[in-house]
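Notes to accompany the following structure.
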Amino acid sequence: MTEKMIDFQTDPSRYRHWRVEYDGPVATLYMDVDEDGGLFEGYQLKLNSYDLGVDIELSDIIQRMRFEHPEVKVVVMRSGKDNVFCAGANIRMLGGAAHSHKVNFCKFTNETRNTYEAAEADSGQKYIAAIKGSCAGGGYELALACNYIMLTDDSTSSVALPEVPLLAVLPGTGGLTRVTDKRQMRRDRADVFCAMEEGIRGKRAKEWKLVDEVVPNSRFDETVAERAREFAAASPRPDDATGIALTPLKREIGADAVTYSTVEVELDRKGRKATITVKGPEGDAPGDMEAFVAQGAEAWMLRAARELDDAILHLRLNEMELGLWVIRTEGDPAQVVAHEALLLANRDHWLANEVLQLWKRMLKRVDVTSRSLVALVEHGSCFAGALAELLFAVDRSYMMEDEFEGDNRPMATVTLSESNFGQYPMGNGLSRIATRFIGDEASVEAARATIGEVLEAEAADELGLVTYILDDIDWEDEIRIFMEERASFSPDALTGMEANLRFAGPETMETRIFGRLTAWQNWIFNRPNAVGPDGALQRYGSGVRGDYNLERV
Amino acid sequence: MLDVINVSYDTQIPNNVGLSSDKKVLKALEKWHPGYIDWWNKLIPQNFQESLVYLRTAVSVDPKGWAKFDYVKMPEYRWGVLLAPQVEDRRIPCGEHAGEPAWQEVPGEYRNMLKRLIVIQGDTEPASVEQQRLLALMAPSLYDMRNLFQVNVEEGRHLWAMVYLLHKYFGRDGREEADDLLRRQSGSEEAPRMLGAFNEETPDWLSFFMFTYFTDRDGKMQLESLAQSGFDPLSRTCRFMLTEEAHHMFVGETGVGRTIQRTCEVMKENGIEDPCDTDRIRALGVIDLPLIQKKLNLHYTLSLDLFGQEVSTNAANAFNAGIKGRYQEIRLTDDHKLTGDTYTVWDIVDGKVVQKEVPALTAINMRLRDDYTRDAAGGVGRWNKIIEKAGIDFELKLPHEAFHRKIGVFADKLIDPEGRFITGAEYDEGMKEWLPSHADGDYIQSLMKPVYEPGKYASWIAPPKVGIDNKPGDFEYVKLHMA
Ligand SMILES: [Fe+2]
Ligand SMILES: [Fe+2]
């Protein structure tokens, strides 16, 4: 199922499954999935069920909503079909998909849900789910990620998480986590709810905290509109801002390379690694936000984040055997700091905020990527501010020490900015540095004291900002041996090890989704009770039930 | 008037389920009953509620008791809870449990599936009464009015039957569902009935006859398949309901037949040979045969939609679980499991309507629909006999199942009644011939003048050959209360 290249770039002219109506501060987002518009052959997207293609469009819409429509304060998500809100992920697609595709699909859909869920806190854009018709499984998970859920009381419409009884899998797109952590449903009731096929409707849905409001059917549209207006009035977003266009990325996909304007990805299939090089700004930072707005999607901070984001998604889905990502940078660290500084100084400007939030999301994608990540801090690199954050996202980092023979690039350095101390938190709510030095406040403070200083290898090593510093004599060999060794380990064990080590510190709803929920789901996705020839997923639709191995593991 | 507070459930509610000693169900029914009576009282115009109607009441399931005729005011009708007698050592007839003893209690693993099926069936019963609530105001005779009310009270009893199952076997959830059966209303914006066809109004008597012929027959087929359920109480309930359903279809078939009869007679009396000479025929106050064909097309295709998608997971699950069988399952001679079997269904391939083989399990709906079509063709043949006997050159036909569909692979496709793909222009043009227009509706409506005199009939319909309960032609089937 992954032969075909999956492209995460799209635009409104190409949407097949969603449409948006803009009306001043309120946008209405209609899910109206084209049955015959599946990303792959072999299934039809009936009853507003979705596959990765549907989610790629949704992801594009919420991104554009933030950048192109700053005037939108409330987004109403509803169905364009009668009698059904959304039936969830398409079962035949799941039944036919390779394990790896299922895992990647779930990860991306989770990231998309997290993105619009956070839109209210991050930028005052609030999502309302307006549910008419049945809303089951992934459909209810779409609603759960909204900030407010309204359900019509027509004695038929219901919300449900029927995965366990019906499909022998979990509501894995945040469902199990959000009913308890976000909706604060009592766990015994959640147990009842998640074990029933038919779901809950009407007043009990409200009583059990599954929805925020149950509305008489005849007054549904009116009440949704009223709520949207109220929320819009309460939003801190500006009234008068004009958006910027997210123009198509400049991207060339070759046989062994993917080239963007600021990002270069080299594919080494034999060595099973991808080398991602981020190039720093070509020129000076814009003088003020007005100049930044004028640059729009061309501004380096925005362009680099969008390109890196696309590169990560491209590699995740289309290059699954490249198990090691080598992350490099090239450029002037002072310029990176300067470009970032403009945004940090203007955090309350809507666009500055959006760009910083995009960096936050993109860096979170790095955190949950199932690849071994290594950063090479070479001469001529620019690991500064936002780019230095990459150093703390990777599993290991190697830094060049002293001069290398025949290498006249500027000396390898690391530069921290204030952003490294909370601007781009991880899913656990902490900065990457705080997570790195969990329980060791002194090291965090020592690092903080160097903000703005250009740190060469020895200083960076002393502060614990890199794993190893290596001189000319050792560099090449050490790196080669590390890479060869990494390539020899089991990809599964590495994924598990890395995902555990990356997230020291407290649990949050987000880490529970990516850690606990997805890990269990991925385990179930490998078990015969779900995916075996006689498992529930395979048999779904045949009329014959799954034949379960009854041993509890 | 029924005293709702002090109902004696053994005398006022005929039943063979030991209602008076079943504390749990009694408690639930006592709560539900007032809402039901309220629903009924608000539904049908007051003067009809006060009228005495010559109705058949089922007081027990033995041959002597299931058809007691007498005058009764509808709100005082004795809606009973009657199950067909238990068959000794009945077995689950199909699916993975085929051959095991039939369930007398709800199997936990199929509880939801069963509940859903019962609720969907239950939802259609009161829905049709709602759809037909104003028809008595334009009844073509007291005989027809009585038949309408008979159908109505029996649909009410069918609702009781489903509510009994919900109360008896589904605990709190079942009680809530039973309440919601009264909360939903046909055509309501607030809480519509579950199936689309049951939210359309029945605007005139020809529609009513077509509805009872075609749509009640869908109900019959659903009941037939539930009568084969491995859940014995459901099977027994449905078996008894089928005896009543047969009368509803009789009302439909003879109603359409008498309409055709009258049209043919009037054409002959006036020397009209061409059945399509619409203007002349309509000037004589009868319904032309082409219009009857259009109504047939409409109601038949709407009813086909009630069978759902061509390939259905729910139907497959229900069959395999032994919850719902095929039409006359126990008379079929295969292994009753269908593993590996295929069934031929219609589909669209490369822009053509073609037949293809699919796993038989997932085609359960289609198989039932094919049985339905065969069943429905019978009456059409008898209608054609009437036309033939009159010597008029016209034949009524069931359209192709791909025509005018809203559900399944043919939904909203441009296909003619022969099952051929056609252009948009051809479709628009053809629709004038194929489905009733608003003008046709106006014409039928203009005929809908009430006739309340015993033994008299409206201009457009012939009297029945035999009376109900063998009563003479001028029998007063309804003693109207005129306030
Ligand atoms: Fe019925
Ligand atoms: Fe009926």
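Annotation: residue B:327 fulfils all but one of (1) assigned to a loop (DSSP other than H, G, I, E, B); (2) within 14 Å of another protein chain (Cβ to nearest Cβ); (3) within 26 Å of the chain's Cα centre (by Cα); the unmet one is (2). Of all the residues in the range A:103-112, those that are within 10 Å of residue A:525 (Cβ to Cβ) and surrounded by 24 or more Cβ atoms within 10 Å (Cβ to Cβ) number 1. Could you check, for the range A:31-38, whether at least one of its residues is surrounded by 15 or more Cβ atoms within 10 Å (Cβ to Cβ) and not in a loop (DSSP other than H, G, I, E, B)? Yes, that holds for at least one residue. If you go through the range B:103-123 and keep only what is within 16 Å of ligand 1 (Cβ to nearest atom) and within 14 Å of another protein chain (Cβ to nearest Cβ), you end up with B:117, B:118, B:119, B:120, B:122, B:123.
The condition of being assigned to a loop (DSSP other than H, G, I, E, B) and without any contact (Cβ under 8 Å) to a residue 40 or more places away in the chain holds for only one of A:380, A:464, A:452, A:427, that being A:464. Among the residues of the range A:525-540, those identified as within 14 Å of chain B (Cβ to nearest Cβ) and under 20 Å from residue A:171 (Cα atoms) are A:536, A:537, A:538, A:539, A:540. For the residues B:165, B:181, B:159, B:148, the requirement of being within 12 Å of chain A (Cβ to nearest Cβ), within 16 Å of ligand 1 (Cβ to nearest atom) and touching a residue at least 60 places away in the same chain (Cβ under 8 Å) singles out B:181.
Got a number for residues in the range A:526-539 being in a loop (DSSP other than H, G, I, E, B) and buried (at least 21 other Cβ atoms within 10 Å of the Cβ)?
1
Residues in the range B:108-143 that are of a type in the set (D, E, K, R) and away from ligand 2 (no atom under 16 Å from the Cβ) were compared, and the one that is surrounded by the most Cβ atoms within 10 Å (Cβ to Cβ) is B:115. Does residue B:224 qualify as being within 16 Å of ligand 2 (Cβ to nearest atom) and surrounded by 21 or more Cβ atoms within 10 Å (Cβ to Cβ)? Considered against the rule, which asks whether it is within 16 Å of ligand 2 (Cβ to nearest atom) and surrounded by 21 or more Cβ atoms within 10 Å (Cβ to Cβ), residue B:224 comes out as yes. Listed by first and then second residue, the pairs with beta-carbon distance under 9 Å, at least 6 apart or on different chains, first residue in the range A:279-290 and touching a residue at least 12 places away in the same chain (Cβ under 8 Å), second among the charged types (D, E, K, R), are A:279/A:264; A:279/A:330; A:280/A:330; A:280/A:332; A:281/A:332; A:285/A:340. For residue B:287, are the conditions met, namely being under 24 Å from the mean Cα position of the chain (by Cα), outside any loop (DSSP other than H, G, I, E, B) and more than 14 Å from chain A (Cβ to nearest Cβ)? No; evaluated as a whole, the condition is false for this residue. Listed by first and then second residue, the pairs with beta-carbon distance under 8 Å, at least 6 apart or on different chains, first residue in the range B:127-145 and under 12 Å from residue B:456 (Cβ atoms), second within 13 Å of ligand 2 (Cβ to nearest atom) and in a helix (DSSP H, G or I), are B:139/B:148. Scanning the range A:467-478 for residues being of a type outside the set (A, V, I, L, M) and in contact (Cβ under 8 Å) with a residue 24 or more places away in the chain gives a total of 6.
Checked against the criteria, residue B:281 counts as more than 14 Å from every other protein chain (Cβ to nearest Cβ) and free of Cβ contacts under 8 Å to residues at least 40 places away in the same chain. So, residue A:500, is that one more than 14 Å from chain B (Cβ to nearest Cβ), in contact with a Pro (Cβ under 8 Å, 6 or more places away or on another chain) and without any contact (Cβ under 8 Å) to a residue 60 or more places away in the chain or not? No. Of the residues B:255, B:187, the single one that is in a loop (DSSP other than H, G, I, E, B) and more than 11 Å from ligand 2 (Cβ to nearest atom) is B:187. Answer yes or no as to whether residue A:148 is modelled with pLDDT of 95 or more, hydroxyl-bearing (Ser, Thr, Tyr) and surrounded by fewer than 24 Cβ atoms within 10 Å (Cβ to Cβ). In short, yes.
Give the residue, chosen from A:515, A:543, that is in contact with a Phe, Trp or Tyr (Cβ under 7 Å, 6 or more places away or on another chain) and within 14 Å of another protein chain (Cβ to nearest Cβ).
After ruling out the rest, the residue left standing is A:543.
Could you list, in sequence order, all residues of the range B:199-213 that are within 16 Å of ligand 1 (Cβ to nearest atom), more than 10 Å from residue B:248 (Cα to Cα) and surrounded by 23 or more Cβ atoms within 10 Å (Cβ to Cβ)? Within the range B:199-213, B:208 is the sole residue that qualifies. If you go through the range A:171-203 and pick out every residue that is surrounded by fewer than 24 Cβ atoms within 10 Å (Cβ to Cβ), away from chain B (no Cβ under 14 Å) and not in a helix (DSSP H, G or I), you end up with 4.
The values are calculated or read from the model by the stated rules, or taken from the named source; none is laboratory data. Bear in mind the structure is a predicted one, so any value in this text is a computation, not a measurement. Here Cβ is always computed from backbone atoms with ideal geometry, including for glycine, and neighbour counts include all displayed protein chains.
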